[in-house]
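Reviewing the structure listed below.
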Amino acid sequence: MSELVPRRPPTPRPAERAKSIAVRGGPASLLPALGHRTQSDRTTPVLWHLHAGDDLSVVLPTDDPLAAGVQGNATAELAVTLEIIDEAPVPLRQPVRGLLWLTGWLRGLDDRTARARALTIADSVTEPDPRLLDLGHGLSMLRFTPASVVLSDSEGTHSLSPVTFDAAVADPLCEYEGRWLQHLEHKHTDVVEQLSRHLPEELCGGRIRPLGVDRCGIRLRVETADDDHDVRLAFSRPVENPPQLAVELRKLVGCPFLNRFDERS
């Protein structure tokens, strides 16, 4: 008689997870795509932004070697990798949840195009970054076009084509996730503890922290004395918005009449 293999909880597709990391806009570094890579090779962008159409704007100091190498030359381009870190929105001893590597071409922009892109970025966010006003005054905006995409997270490592990455839609809870997890961490520690009933017996007794949430489920980090363990708890159905998320959380804690765990709680 064959042994039954436990069914893995469903997760968003790799392209969706990659797009969510890019949309959240975590810490990033630029490094040469070819040759020896050391910590000194890394350049931290002043800011960066993902546009529709798989295209990114990267702002660097004008005197940075990467900017100086392409700015003012319409045909110049550099092969670089943009490494984006997916960090947990709550303080953990190991905060990195995943890494996204976009490898492609960095090119300069003329002043008019750079200003137009800066306006596009400012219009797309609630609080525009004031450093956009420094373009042309010590800062330069460059265009970055990915040619390959690699995602590495708790589900594994996945190589994606730029077409697949561009077509993917970020998780519907992506931009809400950080505030919601912080609220759960600080205001509803009792709820987090109640979720421990779904953990394997060997993990009971560790410190349970909210790690992530998406349309398919919630992720918990269990910090023990010796190691950290990540556990995914699946929702009964995919969710699209915070009210549906509150219903699924009530189901997981085993109380269908529990008050909603949203930012008003």
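The values are calculated or read from the model by the stated rules, or taken from the named source; none is laboratory data. Since this is a predicted model, take the numbers as computed values, not measurements. Note that each Cβ is placed from the backbone with ideal geometry, even for glycine, and that neighbours are counted across all protein chains shown. Side chains included, ligands, DNA and RNA excluded: accessible areas come from the protein's heavy atoms. Shrake-Rupley method; radii C 1.70, N 1.55, O 1.52, S 1.80 Å.
For region 126-145, the criterion of being in contact (Cβ under 8 Å) with a residue 60 or more places away in the chain, of a type in the set (F, W, Y) and open to solvent by less than 90 Å² (accessible area, probe 1.4 Å) is met by at least one residue. Output the residues belonging to region 239-254 that are touching a residue at least 60 places away in the same chain (Cβ under 8 Å) and either of a type in the set (A, V, I, L, M, F, W, C) or not in a helix (DSSP H, G or I) (or both). Within region 239-254, V239, E240, N241, L245, V253, G254 meet the criteria.
None of R237, R215 is of a type in the set (K, R) and farther than 19 Å from R97 by Cα except R237. Taking every residue in region 219-235 that is over 10 Å from I208 (Cβ atoms) and of a type in the set (K, R) and pairing it with any residue that is assigned to a loop (DSSP other than H, G, I, E, B) and open to solvent by 20 Å² or more (accessible area, probe 1.4 Å), at least 6 positions away or on another chain, the pairs with Cβ-Cβ distances below 6 Å are R232/P9. Taking region 12-58 as the range and being in a loop (DSSP other than H, G, I, E, B), out of contact with any His (no Cβ under 8 Å at 6 or more places or on another chain) and at pLDDT below 95 as the test, the residues that pass are G26, A33, L34, G35, H36, R37, T38, R42, A52, G53, D54.
The residue pairs whose first member lies in region 92-110 and is within 24 Å of T224 (Cα to Cα), whose second member is open to solvent by less than 20 Å² (accessible area, probe 1.4 Å) and modelled with pLDDT of 95 or more, and whose beta carbons are closer than 6 Å, counting only pairs six or more residues apart or on different chains, are P95/A88; R97/D86; R97/A88; G98/D86. So, D171, is that one assigned to a helix (DSSP H, G or I), touching a residue at least 40 places away in the same chain (Cβ under 8 Å) and under 19 Å from the mean Cα position of the chain (by Cα) or not? No: the conditions fail for D171. Only one of the numbered conditions (1) surrounded by fewer than 15 Cβ atoms within 10 Å (Cβ to Cβ); (2) assigned to a helix (DSSP H, G or I); (3) hydroxyl-bearing (S, T, Y) is not met by T164, and that is (1).
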